[in-house]
Amino acid sequence: MEEKDIERNEIEKKKKPITIMGISIWRLMAYFIIYSMAGFVIETLFGLVTKGVIESRKSFLYGPFCAIYGVGAVIMIPSLQKFKKNNYTLFIGGMLIGSLVEYLISLIGEFIFHIKWWDYSDMPFNINGRICIAFSFFWGILAIYLMSHFNPLVDRLINKMKEKISPKILKIGVILVIIFIFIDFLITSFALKMFFTRVVTEYNIELLEQNEYILECTELYKNEDIKNFTLKYFSDEKMLKTFPNIKVTGKDENVIWICDVLKDIQPYYVRVFTPKYFTVSYTHLRAHETAAN
């Protein structure tokens, strides 16, 4: 009997899913997909409100995903479990964890792709332009809403899907989407590196750091087959329309908008209205639109 009990316990242990702070890896993958898609919608609406345009705000070339929201959710939801005592602790935890996530993603973007997805240098109390106090407060407020209201709704949605669809099929579906996102990420990484190298070399942009990475990509881009392939499938127009807000840091530490370099390309899909309150962003957009037209 004792041997059978030991075998039964071992089988049960094997069946138990791997968890992080009590949340299964499978559920965290589902969180990443759902929040990345929600982030794409939020960012699109934010661009519409602040700039008056409907433009691409996604992280990858093909899927409708804004990865910072997915990564933020996967890190914040387990990490905030210890801060769920009250709204005050949730706010502080959200500020700290959200700002850390935002800083790290910005840092990774600059080190891997050598581009800037956002820049808070002109905002008060910023750190290296990657995070600022205003958005840190936003992360704190978001943490309260996330843990108290939104994530319980997401959990109910996932549970309902498990009831209507076979849990096994649902898990396979989640894994397939994650694989698609990973492939999309790899393709996007390659495309951005080639696009970045093409713009820097053809327009003689002097960057703050000319390192081995840039030299290696430049040598790779000299290959005619690779060059023709990237020009065909990852043209300047496709890349700029997908990532209209990417920037690089110039030699004099000035921020260079790629859309200002490629002035003949109109990166914005649809202008809906002219914003009255966000004059800084609109002035920059209007100057580029005039140059493009």
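The values are calculated or read from the model by the stated rules, or taken from the named source; none is laboratory data. In this text the structure is predicted, and so the values were computed from the model without any measurement. Note that each Cβ is placed from the backbone with ideal geometry, even for glycine, and that neighbours are counted across all protein chains shown. Side chains are part of the model used for accessible areas, which takes the heavy atoms of the whole protein and leaves out ligands, DNA and RNA. Shrake-Rupley method; radii C 1.70, N 1.55, O 1.52, S 1.80 Å.
Against the list (1) in a helix (DSSP H, G or I); (2) open to solvent by 70 Å² or more (accessible area, probe 1.4 Å); (3) modelled with pLDDT of 75 or more, the condition Thr283 fails is (3). Residues in segment 171-189 that are open to solvent by 70 Å² or more (accessible area, probe 1.4 Å) and either within 20 Å of Glu237 (Cβ to Cβ) or not hydrophobic (A, V, I, L, M, F, W, C) (or both): Lys171 only. Exactly one residue among Gly98, Gly72, Gly63, Gly39 is in contact with a Gly (Cβ under 8 Å, 6 or more places away or on another chain) and at pLDDT 90 or above, and that residue is Gly39. Restricting segment 201-243 to residues that are touching a strand residue (DSSP E or B) at 6+ places or on another chain (Cβ under 7 Å) and under 16 Å from Val261 (Cα atoms), the residue that is modelled with the lowest pLDDT is Leu207. For segment 260-267, the condition of being at pLDDT 85 or above, open to solvent by less than 70 Å² (accessible area, probe 1.4 Å) and part of a helix (DSSP H, G or I) holds for at least one residue.
Within this structure, Val74 passes the test of being crowded, with 17+ Cβ neighbours inside 10 Å, closer than 20 Å to Ser24 by Cβ and either under 17 Å from the mean Cα position of the chain (by Cα) or hydroxyl-bearing (Ser, Thr, Tyr) (or both).
Scanning segment 24-76 for residues that are assigned to a helix (DSSP H, G or I), without any contact (Cβ under 8 Å) to a residue 40 or more places away in the chain, among the small types (Gly, Ala, Ser) and over 19 Å from Ser106 (Cβ atoms) gives a single hit, Ala38. Among the residues of segment 162-175, just one is modelled with pLDDT under 90 and hydrophobic (A, V, I, L, M, F, W, C), namely Ile165.
Being over 26 Å from Pro152 (Cα atoms), of a type in the set (Phe, Trp, Tyr) and crowded, with 19+ Cβ neighbours inside 10 Å is a property that does not hold for Phe83.
When Pro17 is tested against (1) more than 27 Å from Asp236 (Cβ to Cβ); (2) at pLDDT below 90; (3) not in a loop (DSSP other than H, G, I, E, B), exactly one condition is not met: (3). Under the condition of being open to solvent by 40 Å² or more (accessible area, probe 1.4 Å) and either among the basic types (Lys, Arg) or under 17 Å from Leu157 (Cβ atoms) (or both), the residues counted in segment 43-56 number 0. Among the residues making up segment 221-259, those that are in contact with a Pro (Cβ under 8 Å, 6 or more places away or on another chain), more than 13 Å from Arg198 (Cβ to Cβ) and open to solvent by less than 30 Å² (accessible area, probe 1.4 Å) are Pro244, Cys259.
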